[in-house]
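Notes follow once the structure below has been shown.
Read-outs throughout are calculated quantities, based only on the coordinates presented, and are distinct from any laboratory measurement. In this text, all values refer to a predicted model and were calculated from it rather than measured experimentally. Every residue, glycine among them, receives a Cβ derived from its backbone with ideal geometry; neighbour counts consider all protein chains shown.
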Amino acid sequence: MEDFLNRLKQKVEIREQIKQRDDLYFITIKKEQTELVLRYIKDNEKFKHLSFMQAVDYLDDSKFMLIYMLYSFSRKVSLGVSVFIDRKEAIMTSMHNIWPHLWQYQREIKEMYGIDFPSSPRVNEDFILESWDNMPPMRRDFDTLKYSEETYYQRPGRKTNDPKEYMRKKLYNDFVKTPKLRDDK
């Protein structure tokens, strides 16, 4: 794997490289080099399988990270290729010409994060959220509590519990009733 990464470093700038385990690596590259890197990795380095694609919202940095998770059957290694894009211009070139099934992930990411992939097949069709007219719900600045309160009927008499205290009572009810047991031990 180190030989492969050294060959790749001779072709493009790798901004970050992480070895999570012997069979799991992550690299971060420039947005402009994404198609070149993904095509090279697939055609020359035996990472034929795209396992999935995902987005992460870095709200404080005003960026999205796109992760292309690849797998090499011959090496038995997974490789995550990460690319950062600007939140204000959330547009990324579609890579469905490299892995045809990628359009499905791009379509979901557009709907959930609002990242556009121009020229990706069916990217503008509803995928999960039919007729959704609000901010994409996976963005970190989407207020789920506000949306829930404005959208759904609030049942009278419903009480809210602090999750930490509720689980403490649920799991350790006898312990909570008799705190002296803790002092005795």
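Checking the table K11/K42; K31/K63; K146/K170 against a 19 Å threshold on Cα-Cα, which pairs fail? As for pairs spanning more than 19 Å Cα to Cα, those are K146/K170.
When both bridge partners sit in region 2-159, DSSP labels roughly 80% of those beta bridges antiparallel. Sorting the segments 84-91, 130-137, 66-73 by their residues' average number of neighbouring beta-carbon atoms within 10 angstrom, most packed first, yields 66-73, 84-91, 130-137. Secondary-structure-derived ellipticity at 222 nm for the chain, considering helices only, amounts to -9000 deg cm²/dmol, per-run term -39500 (n - 2.57) for DSSP H runs with n ≥ 4. Largest first, the three principal axis extents of the alpha carbons in the chain are 65, 50, 29 Å in whole numbers. Given a cut-off of 16 Å, what percent of all Cα-Cα pairs of region 43-87 lie beyond it? Everything past 16 Å amounts to 44 percent. Our coupling estimate for region 4-12, obtained by passing each phi through the Karplus curve with A = 6.51, B = -1.76, C = 1.60 and θ = phi - 60°, is 4, 5, 5, 5, 5, 4, 6, 9, 9 Hz, Gly and Pro reported as x.
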